[in-house]
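Asker: Provided herewith is a single structure, encoded as structure tokens, for subsequent inquiry.
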Amino acid sequence: HLPTTELQAIDAAHHMHPFTTGKEINENGARIITSAKGVWLKDSEGQEILDGMAGLWCVNIGYGRPEIADVAARQMRELPFYNTFFQTSHVPALMLAKKLAELAPGDLNHVFFANGGSDANDTNIRMVRTYWAEKDQPERDVIISRWNGYHGSTIGGASLGGMKGMHAQGGLPIPGIEFIDEPNWWAEGGDQTPEEFGLARARQLEEKIKEIGPEKVAAFIGEPIQGAGGVIIPPATYWPEIQRICDKYGILLIADEVICGFGRTGNWFGSQTMGIKPDIMTVAKGLSAGYVPIGASIVSDEIAKVIGDTEFNHGYTYSGHPVACAVALENLRILEEENVLEHVRNVAGPHLKKRWEELAEHPLVGEARVEGLMGSIALTPDKATRAPFAADAGTVGYICRERCFANNIVMRHVGDRMVIAPPLVITCEEIDIFVDRARKSLDECLEKIRA
Ligand code: PLP
């Protein structure tokens with residue numbers, strides 16, 4: 001291919017990157033990734049980079065699996081596309097729906113396909129509002145979400161998300177979305193124990209329901225563990241209390257499993273790890289290990305029945321795309337046959353937890369936590385007071401991310417939190433390499449901010 005500088009110049013001239021300023025790309029040039037195998041990326045200069053983010057929290061079975069490429073090619077030859085609208089179906093879509101119904105907890109037995117997580121959440125907004133309208137309660141249309149939650153970038157997904165910077169662009173949120181605070185004990189817990197804080201934050205849901213009027217609330221949505229908000233692992237008391245409140249007021253519970261689903265927390269779904277019984281789960285990312293785009297809403301018998309009694313005027317051309325469904329089925333086969341969830345639960349997860357928590361000794365690190373194979377560290381200039389940095393939020397995180405990238409690991413920053421979510425097939429040796437390089441990067445970051 002062309003020399004790196006030429007590729008970077010073309011990229012800077014024509015390619016608009018999500019969540020990136022043009023300045024970043026113009027000044028530094030993008031790092032051009034050319035191939036990948038296992039947990040290792042290779043760039044156009046031949047450097048090997050350990051991917052601590054599984055791409056964007058998705059390449060759970062690792063890169064370069066030939067089985068997936070074979071299945072995709074076979075499906076493209078046999079039936080590259082057919083839609084699932086009206087009265088047609090095809091084998092990959094119906095078999096994937098069956099498989100997801102088997103894996104999903106409780107009576108979540110019905111699958112509405114989308115292209116990714118954002119538009120699956122758009123489906124959810126329309127589905128829960130249609131559900132209540134069909135049950136003769138059309139005024140029940142408010143969805144409660146959380147500040148600093150992330151549910152996607154479409155108008156619906158970004159409205160459900162509690163990212164103020166996203167709301168500011170494009171006139172969001174849409175009407176009928178309300179927010180409560182996130183369960184971020186380290187940053188906001190003050191003198192409360194994690195248990196007290198978890199209960200207090202969950203009880204904000206009840207206060208919000210009372211404020212709005214229970215007869216107007218359709219659903220609550222949350223990620224079992226917030227991912228894009230900085231891997232905020234809630235206190236153990238949080239989710240059971242949310243479940244109790246949803247049950248008490250008959251409010252639908254939507255678990256956004258886009259990151260937590262398919263083994264990230266050591267179970268098939270984060271809902272199982274957190275002990276909740278959602279009425280709807282949003283899935284994407286790990287469903288196909290990121291090899292092709294696909295997402296879905298997995299819904300309860302009751303919701304499917306009510307929605308099925310009417311015509312739900314909703315669907316994407318690529319809902320249940322045969323190639324994506326075939327790839328997802330193969331990915332799920334690999335996860336099962338290679339015992340990947342057991343690897344997360346018994347081998348890689350405990351090893352990462354041990355090594356990651358050692359980072360809490362670093363002078364820059366206030367909190368270091370892991371659940372399964374997702375974790376974060378909070379950077380702070382003062383561990384005792386958990387104070388933020390004097391510089392704008394995210395400045396130190398950005399420096400740390402840059403140092404990581406220079407040391408050939410990918411670790412993302414969310415403000416001044418650093419997050420990790422490697423491919424689930426990562427070995428203990430690779431975790432050691434990652435953590436050693438992360439520590440070196442933290443040292444360099446500290447040096448840089450002291451300079
Ligand atoms: N929901 C959650 C919890 C996510 O983390 C994401 C993406 O990061 C989305 C939804 C949006 O998914 P997509 O980018 O596939 O549209």
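Asker: Among the listed residues Glu67, Glu48, identify the single one that is among the charged types (D, E, K, R), touching a residue at least 40 places away in the same chain (Cβ under 8 Å), surrounded by fewer than 15 Cβ atoms within 10 Å (Cβ to Cβ) and in contact with a strand residue (DSSP E or B) (Cβ under 8 Å, 6 or more places away or on another chain).
Answerer: Glu48
Asker: Here are the criteria: (1) without any contact (Cβ under 8 Å) to a residue 24 or more places away in the chain; (2) more than 16 Å from the ligand (Cβ to nearest atom). Tell me which single one Glu134 does not satisfy.
Answerer: If we test Glu134 against (1) without any contact (Cβ under 8 Å) to a residue 24 or more places away in the chain; (2) more than 16 Å from the ligand (Cβ to nearest atom), just (1) comes out false.
Asker: Then there's this: Return yes when Gly320 is within 22 Å of the chain's Cα centre (by Cα) and either assigned by TED's automatic domain parsing to the domain that holds Thr154 or over 23 Å from Gly222 (Cβ atoms) (or both) and no when it is not.
Answerer: In short, yes.
Asker: Conditions first: (1) in contact with a Gly (Cβ under 7 Å, 6 or more places away or on another chain); (2) under 26 Å from Leu160 (Cβ atoms); (3) surrounded by 14 or more Cβ atoms within 10 Å (Cβ to Cβ); (4) in contact (Cβ under 8 Å) with a residue 40 or more places away in the chain. Phe112 passes all but one, so which condition is the exception?
Answerer: So Phe112 meets the others, but not (1).
Asker: Let me ask another. Is it the case that the stretch 228-235 has a residue that's outside any loop (DSSP other than H, G, I, E, B) and within 25 Å of Val414 (Cβ to Cβ)?
Answerer: The answer is yes, given that some residue of the stretch 228-235 is outside any loop (DSSP other than H, G, I, E, B) and within 25 Å of Val414 (Cβ to Cβ).
Asker: Here is a follow-up. Between a first residue in the stretch 278-295 that is closer than 14 Å to Leu96 by Cα and assigned by TED's automatic domain parsing to the domain that holds Gln243 and a second residue that is among the charged types (D, E, K, R) and within 11 Å of the ligand (Cβ to nearest atom), which pairs have beta carbons less than 6 Å apart while being 6 or more apart in sequence or on different chains?
Answerer: Close Cβ pairs (under 6 Å, with a partner that is among the charged types (D, E, K, R) and within 11 Å of the ligand (Cβ to nearest atom)) amount to Val283/Glu257.
Asker: Within the stretch 100-109, count every residue that is over 15 Å from Glu257 (Cβ atoms) and touching a residue at least 60 places away in the same chain (Cβ under 8 Å).
Answerer: 2
The values are calculated or read from the model by the stated rules, or taken from the named source; none is laboratory data. Here the structure is a predicted model, which is why all the values come from computation and not from measurement. All Cβ positions, even for glycine, are placed from backbone atoms using ideal geometry, and neighbour counts span all protein chains on display.
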